[in-house]
1. Filter the GluC sites (Glu not before Pro) in region B:34-126 to those in DSSP coil with at most 14 other Cβ atoms within 10 Å of their Cβ, and list the result.
2. Which of the residue pairs B:LYS19/B:LYS43; B:LYS136/B:LYS230; B:LYS19/B:LYS81; A:LYS88/B:LYS226 have a Cα-Cα distance greater than 21 Å in the structure shown?
3. Taking H as built 1.01 Å from N, whose amide H comes closer than 5 Å to the amide H of B:ALA48, not counting residues under 5 places away?
4. Quote the relative contact order of region B:2-100 in percent (integer), defining contacts as alpha-carbon pairs under 8 Å separated by 6+ residues.
5. Determine the calculated [θ] at 222 nm for the protein assembly as shown from helices alone, applying -39500 (n - 2.57) to every DSSP H run no shorter than 4 residues and normalising by the residue count; nearest 500 deg cm²/dmol.
6. Just rank A:TYR32, A:TYR107, fewest to most, by other beta-carbon atoms within 10 angstrom.
7. Would you kindly enumerate the cysteines in chain B that have no other Cys beta-carbon under 4.7 Å from their beta-carbon?
8. Per residue of A:16-23, count partner chain C-beta atoms within 10 Å of its C-beta, then hand back the mean as an integer.
Amino acid sequence: MVNKPTSDMSLTANGLRDWLIQRFSAIILAIYFLVIVIFLLIHSPINFITLKNLFAHLWMQVFSIITLLCLIFHAWVGIWTVITDYIKPVFLRIFIQLLIILSLFIYFFWGIEVLWRLI
Amino acid sequence: MRFSIYRYNPEADKKPYMKDYEVDIPSDSDMMVLEALLKIKEKDETLAFRASCREGVCGSDGMNINGLNRLACTTAISSLKPPIVIRPLVNMPVIRDLVVDFTLFFKQYERVQPYLQNNDETPQTERLQSPQERAKIDGLIDCILCACCTSFCPSSWWNPEKFIGPAGLLWAYRFIQDSRDTATDERLANLEDPFSVFRCRTIMNCTVVCPKNLNPSAAIAGIRRKMAEKGS
């Protein structure tokens, strides 16, 4: 009865890999938000020019894109977990999961576009 | 003292209900909950529950007492706030009153192949372990399979079929850690999917309720560490 479980839409279909990706991406996310918070505290009150200057640095753009990718992987694993806990009907689950994956992709390209325009 | 006990006989009752019983317990008594249940059964023999050894070894009388899964035979009444509310183990199919169906629990136990596997030639005498090797399975060989942990684990509530549950995983780690077992790689490979081990969200209810004070959470963390070391 207890077959090898199906892991249809998890990020990598491998428990260890999903788990490690979620943990490593959490570290990157924490560092990024720490950098942002420290920057905001140092440059308070913040204005558009200071913020634009921060994102004008190449390292900040690369760091932001890496963080955005981490956010997407992190959310993919996390939301997949919550959805497989609570939404049992298969079609509804896959539909919601698809919506979320789609919005994650949109956020990613949107994020790149925002960074691009700042350059 | 008042006891409020979950009653359900599927042959007679449409729905489960709570029934109150009064038991005389002297204030300085060191009586365990199981003894009170036996006293209640003397008055109302329709009450069904499992019990055997009366000393926390057989694991038969796991039940939910005042909100926590525990063994009735090792839970002192003096440690509880009255009224004492007794329900069957959480999220397990009720057969009758406090007796629950362990079928799925034992299927999950079976999945981790809870027996020693060794392909080496059988030695003339026993397979020796150094004291250090033996120490690695301390706290892993003491599980009595009472199901208090698995029945109290939210991950097991949401995915009872796919997630093995803390009890089964403690047993899995027991054989992964055993120096005499040679099937470690196969054991780890069997647990790689996103559900069997990794559905654990480290809620740690298992460790809170274990009547033997074992730590299934640590065992699950150990399995993950072993997998990461193996680089699978």
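Derivation of every value follows stated rules applied to the coordinates shown; laboratory data play no part. No experiment lies behind these values; they were computed from the predicted model shown. Every residue, glycine among them, receives a Cβ derived from its backbone with ideal geometry; neighbour counts consider all protein chains shown.
1. Filter output for region B:34-126: B:GLU45, B:GLU55, B:GLU121, B:GLU126.
2. A:LYS88/B:LYS226
3. B:LEU98
4. Rounded, it is 34 percent for region B:2-100.
5. The per-residue figure over the protein assembly as shown is -15000 deg cm²/dmol.
6. Least to most surrounded, the residues fall as A:TYR107, A:TYR32.
7. B:CYS73, B:CYS143, B:CYS146, B:CYS148, B:CYS153, B:CYS200, B:CYS210
8. The mean count of partner-chain Cβ atoms within 10 Å per residue comes to 4.
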